[in-house]
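The values are calculated or read from the model by the stated rules, or taken from the named source; none is laboratory data. All values derive from a computational prediction rather than experimental measurement. All Cβ positions, glycine included, derive from the backbone under ideal geometry; neighbour counts span all protein chains shown. The accessibility values were calculated without ligands, DNA or RNA, using every heavy atom of the protein model including side chains. Shrake-Rupley method; radii C 1.70, N 1.55, O 1.52, S 1.80 Å.
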Amino acid sequence: MKRGLVLEGGAMRGMFTAGIMDVMMENDIAPDGVVGVSAGACFGCNYKSRQPGRVIRYNMRFAKDSRYSGLWSWLKTGNVFNAEFAFHIVPTTYDIFDMDAYNANPMEFHVVCTDVNTGEAVYRRLDVMNYEGLEWIRASASLPLVSRIVEVGGYQLLDGGLTDSVPLPYFQQLGYDRNIVVLTRPRDYVKPPMKHARLLRWLLRKHPAVAEAMLHRHEVYMRQVAYAHSEAEAGRALVLQPDADLGIPHVCHDADLMRRVYDTGRALAERRLTEILDFLNK
């Protein structure tokens with residue numbers, strides 16, 4: 001039996017995911033593999049490096065730092081989350097990402113991106129973390145229109161959430177038959193369709209496959225969430241998600257709000273810890 005952890009994205013809603021992960025790590029819960037999308041990839045890699053607390057720590061530290069994220073970063077670099085500072089300088093200089101521990105851990109770690117030329121999901125298993133590995137993670141979290149296309153591994157890539165926000169079927173195809181799925185929206189959430197389709201197609205006229213993926217994302221997402229819940233009802237998955245909207249924007253400069261969302265994830269994981277353990281140990 002292979003046990004997996006499936007992490008959807010959601011930008012700063014990922015603080016909720018970080019809270020859940022930290023409780024699981026603190027209780028020595030070690031899945032055989034993790035797959036992360038967008039923020040789920042950015043934060044989920046810390047599971048393989050065994051660094052509880054790191055996600056909330058560096059995000060709070062750099063919440064108001066214009067080098068890290070925000071309008072100034074977007075205007076200056078074309079990336080709302082600064083490509084070099086956030087994805088390479090922070091993990092190697094300011095809050096060290098333990099690459100040695102990551103590389104030594106046999107746990108699998110996978111990321112999901114979107115090929116801008118085909119509009120299809122691209123999956124990558126990252127056994128070794130290095131500069132290229134960090135670029136794969138950056139690609140997974142690079143939102144269209146507010147991020148530059150990332151070229152890595154022979155692909156041109158953007159955010160994985162465009163095509164596979166909840167990659168549970170992908171993990172099941174790899175033999176992961178018991179999966180914890182962390183969603184960052186409440187059960188009653190209904191994803192609305194994108195507005196202004198004509199304008200979106202014009203803005204992305206050089207990459208029409210990305211535009212079409214965005215325009216159909218709400219349909220795909222709702223099917224994926226429904227599938228995760230159907231697998232939970234069948235006993236093959238355990239879905240963890242907030243009880244209500246987390247109320248945090250995609251780009252957040254409020255460290256206290258980050259902490260509240262993180263604590264919401266921690267509280268849920270602590271409340272359901274016995275259920276998590278029982279599910280993984282069946």
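Structure notes:
- Dipole magnitude for the chain: computed about the Cα centre from +1 point charges on Lys and Arg Cβ and -1 point charges on Asp and Glu Cβ, it is near 720 debye.
- Per residue, the average separation of C-alpha pairs within less than 8 Å and at least 6 apart gives segment 160-282 a relative contact order of 33 percent.
- Neighbour-limited loop hits for trypsin sites (Lys or Arg not before Pro), segment 190-243 (at most 11 other Cβ within 10 Å; DSSP other than H, G, I, E, B): LYS195, ARG205, LYS206
- Under 5 Å, built H, 5+ apart or other chain: amide partners of HIS110: VAL34, VAL35, GLY36, LEU126
- With the whole protein complex present, ASP28 retains an accessible surface near 120 Å², based on a 1.4 Å probe.
- Magnitude of the charge dipole, segment 134-282, Cβ model with Lys/Arg +1 and Asp/Glu -1, debye to 20: 500
- When only the Cβ of Lys, Arg, Asp and Glu is charged (+1, +1, -1, -1), the dipole of segment 215-282 relative to its Cα centre reaches about 160 debye.
- Derived scalar couplings ³J(HN,Hα) [segment 97-114; Karplus, 6.51 cos²θ - 1.76 cosθ + 1.60; whole Hz; x for Gly, Pro]: 7, 7, 5, 5, 5, 4, 5, 7, 7, x, 4, 7, 9, 10, 10, 10, 10, 10
- Cα→Cβ-extended label distance, 7 Å offset, between ASP263 and HIS229, nm: 2.9
- Cα-only Debye scattering, segment 233-272: base-10 log of I(q)/I(0) at q = 0.18, 0.31, 0.32 Å⁻¹: -0.60, -1.10, -1.13
- ³J(HN,Hα), Karplus 6.51/-1.76/1.60, whole Hz, each residue of segment 26-36, x for Gly, Pro: 5, 9, 6, 8, 10, x, 6, x, 10, 10, x
- Anchor LYS282: aspartates and glutamates whose Cα lies under 18 Å away (excluding residues fewer than 8 positions away in-chain): ASP28, ASP32, ASP177, GLU231, GLU233
- Within a straight-line Cα-Cα reach of under 24 Å, LYS195 can be paired with the following lysines, leaving aside sequence neighbours fewer than 8 residues apart in one chain: LYS206.
- P(r), alpha carbons of segment 158-198 - 5 Å bins starting at zero, rounded %: 5, 16, 18, 23, 19, 10, 5, 3, 1
- Here the chain has 52 percent of its accessible surface on carbon and sulfur atoms, given a 1.4 Å probe and all protein chains in place.
- The relative contact order of the chain comes to 28 percent, based on Cα pairs under 8 Å that sit 6 or more residues apart.
- Diffusion coefficient (Stokes-Einstein, Kirkwood radius over C-alpha pairs, 37 °C, 0.692 mPa s) for segment 1-115: 223 µm²/s, rounded to a whole number.
- With coordinates expressed along the principal axes, the C-alpha atoms belonging to the chain extend over 51, 40, 36 Å, beginning with the largest.
- Taking each DSSP H run with n ≥ 4 as -39500 (n - 2.57) and averaging over every residue of the chain yields -12000 deg cm²/dmol at 222 nm.
- Given charges at Cβ of Lys, Arg, Asp, Glu: segment 235-276 dipole, positive-most of VAL251, LEU268, VAL239: VAL239
- Percent RCO, i.e. relative contact order, over segment 79-231, from Cα pairs under 8 Å lying at least 6 residues apart: 22
- Separation between Cα centres of segment 189-261 and segment 95-130, rounded to whole Å: 21
- Taking every DSSP beta bridge that has both ends in the chain, the antiparallel portion is near 40%.
- Whole-Hz couplings from phi, Karplus 6.51/-1.76/1.60, listed for segment 232-242; x for Gly and Pro: 5, 5, 7, x, 9, 9, 10, 9, 10, 8, x
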